[in-house]
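Here the structure comes first, spelled out in structure tokens, and everything after it is commentary.
The values are calculated or read from the model by the stated rules, or taken from the named source; none is laboratory data. Computed from a predicted structure; not experimentally measured. Here Cβ is always computed from backbone atoms with ideal geometry, including for glycine, and neighbour counts include all displayed protein chains.
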Amino acid sequence: MAGQEQEQDRSEPASPYKLREARLRGQVAKSMELTSCCLLAAAIAMGWMMMDRLLAGELRLSGALFDQAGRTPLTLRSAQMLFGNLAWALLSIFGLFTAGLVGAALLAGFAQVGPVLSWHPLKPDFTRLNPVAGFKRVFNARMFYEAAKSVLKLALLSAILYFSLRKLMPGLISLQMMDVKAYPERLASLLLELLLTVLAMLAFIAIVDFAFVKWDFAKRMRMSRRELREEHKRRDGDPKIKAKIRELQREAARRGASLKRVPEADVLITNPTHLSVAIKYERGKALAPVVLAKGSGQLALQMREKARRCRIPIIENRPLARELFRKVPISGAVLPETYAAVARILMWAYRQRASRAEHA
């Protein structure tokens, strides 16, 4: 039931990402009927153009075989040589014709789906051993379509052969009134007419099959809205993870900015180990001292280390450090209720600086 509901929910066309993934797995909309039609058309065209060469080569080969028939000993070595020579002779006669057919088949496939090279279909898939899945693969809409198409092809081919042979029968009977030398040309003409009729029938089936394959592939590739959302998450990342990454990036930026502003501070107030708050007061420019930087944990330790290197006075005041860290933003003025405590600390820091300057 869940599978049927999911199938019914697939109302959205496949995304480009899913189509690319399917292509990498070798899943494309390819019509074998169209390939067969192109193959037959190429065979007719090449056969008509190369007919004289093929017939001449076949006659020479047949003559040579009959000539050697009574003089070839029946031994294993002679049989091997005979079959080897026969293979090379057939290759020299029909090699170009066969290569043209292979090229036509490849070109027909390339014209339909472009370059596709995937080893995925060759990988072992043990789910194919599941009898339930195998039953579903056998009895599905595509299998019924293929069966109906085969029956239709057989019926049309039978009808074409019947009516074509009925039409060609007078021409075949008239061969007895013609010279034997005219047989090949006459038979080739009659065969060409029959093949062109079969080709027209296959072209009609190929066009219908190509349209069906495209439609069926698009249907199988359709996605539900949930699948689109999950794909978006896989490609662009989970929104929660992205938010966490942005938070860490902002924290890193704040940490870097806080460390940079520590040398400008007048004093660093600590917790002593968990919190650090840098204070600065510009007399005559600011109405109250401001929090230049603040940090917790590892950042607090780094701020203290930098303050020591820059000879910034450090003082421990846990209640004040906690209150400033929680309630005052960076670059914000200290709270009025902390003026007295901050003022005493600043006075202590100024005295520390003055004492260091005298000793220096």
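Being part of a helix (DSSP H, G or I) and surrounded by 12 or more Cβ atoms within 10 Å (Cβ to Cβ) narrows it down to one residue among ALA87, ALA104; which is it? Of the residues listed, the single one that is part of a helix (DSSP H, G or I) and surrounded by 12 or more Cβ atoms within 10 Å (Cβ to Cβ) is ALA104. Which of the residues that make up the range 218-232 are farther than 14 Å from ALA22 by Cα and aliphatic (A, V, I, L, M)? Selection gives LEU228 alone.
Only one entry of ARG71, ARG60, ARG10, ARG20 meets the criterion of being closer than 30 Å to ARG234 by Cβ and free of Cβ contacts under 8 Å to residues at least 24 places away in the same chain, and that entry is ARG20.
Would the range 164-185 turn up any residue that is modelled with pLDDT under 80, touching a Gly at 6+ places or on another chain (Cβ under 8 Å) and part of a helix (DSSP H, G or I)? There is no residue in the range 164-185 that is modelled with pLDDT under 80, touching a Gly at 6+ places or on another chain (Cβ under 8 Å) and part of a helix (DSSP H, G or I). Put simply, of GLU231, GLU227 the only residue that is touching a Phe, Trp or Tyr at 6+ places or on another chain (Cβ under 9 Å) and either assigned by TED's automatic domain parsing to the domain that holds GLN298 or modelled with pLDDT under 85 (or both) is GLU231.
Those strands (runs of 3 or more DSSP E) of the range 259-360 in which at least 2 residues are crowded, with 19+ Cβ neighbours inside 10 Å, considering only elements entirely within it, cover 267-270, 275-280, 290-296.
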